[in-house]
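The values are calculated or read from the model by the stated rules, or taken from the named source; none is laboratory data. Bear in mind the structure is a predicted one, so any value in this text is a computation, not a measurement. Note that we place each Cβ from the backbone using ideal geometry, even for glycine, and neighbour counts take in every protein chain shown. Surface accessibility is based on the protein's heavy atoms, side chains included, excluding ligands, DNA and RNA. Shrake-Rupley method; radii C 1.70, N 1.55, O 1.52, S 1.80 Å.
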Amino acid sequence: MRCRRTGRPPEQALASNSVERFVVTGGSRLAGEVLIPGAKNSVLKLMAASLLAPGTTTLSAVPDILDVDVMADVLSALGARVGRDLAAGTISIETPDVPGAVADPELVRRIRASVAILGPLVGRRGEARVALPGGDAIGARALDMHVDGLRRLGAVVDIEDGALVARSSGRLQGAAIWLDFPSVGATENLLMASVLAKGTTVIDNAAREPEIADLCEFLARMGARIEGIGGSTLVVDGVEELRPVAHETVPDRIVAGTYAIGAVMTEGDVMIRHGRAEHLGIVLEKLAAAGARIEPGADGFRVSSTGRPRSIDVVTLPYPGFPTDLLPQVIALEAVSQGISLITENVFDSRFVFCRELLRLGAQLRTDGHHVVVRPAPRLAGASVVASDVRAGAGLVLAGLVAEGTTVVHEVHHIDRGYAGFVENLCALGADIRRERDVAVA
Ligand code: EPU
């Protein structure tokens, strides 16, 4: 009964300090099929965008993850009625005619994505107060581009008592905005602010992640006028009002990439159902260079591998570059590959916190600034490690799959933020992994 379905604890349990761990025994090969749900980093923004239109928005392919629960609470506190059908993977959000303007600071501090309500609220009702958000401990994560862009659109933005406050006396005014860096969050916020602005907004050097294209398509279905979807220049012609719609969330490329890397590390064979190979271009190229066989299919792709992977060099960059959200997983892969690998992180300044934990498993690596050199370790050996963020947690679980003996990953609530049914899915693929209450830290 190793694969007993335990699921993640409800949000309330976490709030009451329930702490859990994953216990992984290495040596199994991942084989079989896994179903990829909608993307965390899309659905949270789609939920925020529902504030742009009164009435009922329905989202499908919604992953069963903690961050969705928290975002639902953020919206409820603004007056929305949120209904969730976990079995169907849908969520319905009934947005009132006049949503609240003040987001609950306790909820907002728990997820970074909550800052995405700033754009829709100031765009729709001319006022928003959002506490400076929380999220993963992976760097400074400034909001200057969000603020500068909103100011360009005519909002007055201040920081008051630890909250970002944006106000506009009438409709925002379309403007030309050039982002210093293709920030995902800033692109999304400015897009959502501009769809109801007067006139035309041009967002240049916009982020191009598939989740942004998903948001654009959702907004377009609501009646927004957006040109350049999927490109780095978005042109938005503001409209007076939008209508609520139904929309299916784009599949999660990071979750798909995580299982793909797991298949290569364990010399396995996994069909990644609903995974979109076209959203993982460079990742799959790299895995092929590591020796994996990648076979695209009608509804996903298959990743199989035999023998110890060859080492690859990786440089993270905004999409279509190698995603920073797969960095810990790929470092774990390199820890068991056969050559020396150089990995460079260009997006966040604290991703390498993860390396400290990987060292406990016997990985041979050395960080220097935003680079890490990984040398082949004779073997990884199970140990007790701590997940510092959602992707670090996933990387540690993958390492545990190939380490000798038992690896205990603590603080798995981070993993529950982004991976629906991680334990159950890995178990079904043949891994030896279980969720336990963490008596060590309880
Ligand atoms: N940045 C600024 N100023 C800004 C905005 C961003 O300096 O105004 C910097 C950040 O500090 C960071 C870099 O720009 O160094 C990239 O930030 P970006 O805004 O692109 O990222 P984000 O919107 O905060 C989203 C995802 C992250 C993902 C990044 C990059 C969500 C909720 N989060 O974050 O996902 O890593 O884009 O792709 O969509 C994760 O899922 O594990 C995760 C961290």
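Using packing as a proxy for protection, rank 197-207, 293-303, 310-320, 45-55 so that the peptide with the highest average count of other Cβ atoms within 10 Å comes first.
Working: 197-207: 19.8, 293-303: 15.9, 310-320: 18.0, 45-55: 25.1.
For the peptides 197-207, 293-303, 310-320, 45-55, the packing ranking is 45-55, 197-207, 310-320, 293-303.
Per-residue extension of 0.36 nm, minus the Cα-Cα distance of Asp158 and Glu241, leaves a gain of 27.2 nm for this segment. Think of each Lys and Arg Cβ as +1 and each Asp and Glu Cβ as -1; about the Cα centre, that makes the dipole of the chain roughly 660 debye.
Sequence-distant contacts, meaning Cα pairs under 8 Å at least 6 residues apart, place the relative contact order of the chain at 22 percent.
Taking only protein heavy atoms and a 1.4 Å probe, the accessible area of the chain is 48% carbon and sulfur.
Taking the mean number of other Cβ atoms within 10 Å as a proxy for protection, how do you rank 124-131, 407-414, 30-37 from highest to lowest?
Working: 124-131: 21.1, 407-414: 22.9, 30-37: 19.6.
So the peptides 124-131, 407-414, 30-37, ranked by packing, come out 407-414, 124-131, 30-37.
A rounded overall shape is assigned to segment 296-442, the ratio a/c of its alpha-carbon gyration tensor axes (a ≥ b ≥ c) being less than 1.5. Over segment 228-284, the reciprocal of the mean inverse Cα-Cα separation, the Kirkwood hydrodynamic radius, stands at 14.5 Å. Close amide H pairs (under 5 Å, H built 1.01 Å from N) link Ala101 with no residue at least 5 positions away or on another chain.
Which angle from 0 to 90°, rounded to the nearest 10, does the C-alpha axis of helix 210-222 make with the longest principal axis of the chain? Helix 210-222 and the main axis of the chain meet at about 30 degrees.
Rounded to the nearest 20 debye, the dipole size of segment 40-248 about its Cα centre is 340 debye, using +1 on the Cβ of Lys and Arg and -1 on the Cβ of Asp and Glu. Among the GluC sites (Glu not before Pro) in segment 164-270, those located in a DSSP loop and surrounded by at most 14 other Cβ atoms within 10 Å of their own Cβ are Glu240, Glu241. Rounded to the nearest 10 degrees, what's the angle between the helix 66-77 long axis and the longest principal axis of the chain, both from Cα atoms, 0 to 90? Once rounded, the angle reads 20 degrees. Taking all protein chains into account, the per residue accessible area for segment 40-248 stands at 37 Å² (1.4 Å probe). The C-alpha atoms of the chain define a longest principal axis, and helix 253-265 lies at about 10 degrees to it. Whole-Hz Karplus values for segment 386-394 come out as 10, 7, 8, 7, 4, 7, 4, x, 5 Hz, taken residue by residue from phi with 6.51 cos²θ - 1.76 cosθ + 1.60 and θ = phi - 60°; glycine and proline positions read x. Identify, among Leu172, His274, Ile331, the residue whose Cα sits farthest towards the positive end of the charge dipole of the chain, taking +1 on the Cβ of Lys and Arg and -1 on the Cβ of Asp and Glu, with the dipole about the Cα centre. In the chain, that residue is Ile331. Each 10 Å bin from 0 upward holds the following percent of the Cα-Cα pairs of the chain: 5, 22, 31, 25, 13, 3, 0.
When the helix-only estimate is applied to the chain (DSSP H runs of n ≥ 4, each -39,500 (n - 2.57), divided by the residue count), what is the mean residue ellipticity at 222 nm, nearest 500 deg cm²/dmol? Before the final figure, lay out each step's value.
Details: 15 runs with 135 residues, N = 442.
Taken over the chain, the calculation gives -8500 deg cm²/dmol.
For Leu365, the residues whose modelled amide H falls within less than 5 Å of its own, excluding neighbours fewer than 5 places apart on the same chain, are Arg375. In order along segment 20-25, the Karplus-derived 3J(HN,Hα) couplings, from 6.51 cos²θ - 1.76 cosθ + 1.60 at θ = phi - 60°, round to 10, 9, 10, 10, 10, 10 Hz, and Gly and Pro are given as x. Taking a ≥ b ≥ c as the square roots of the Cα gyration tensor eigenvalues, segment 40-248 comes out rounded, since a/c falls below 1.5.
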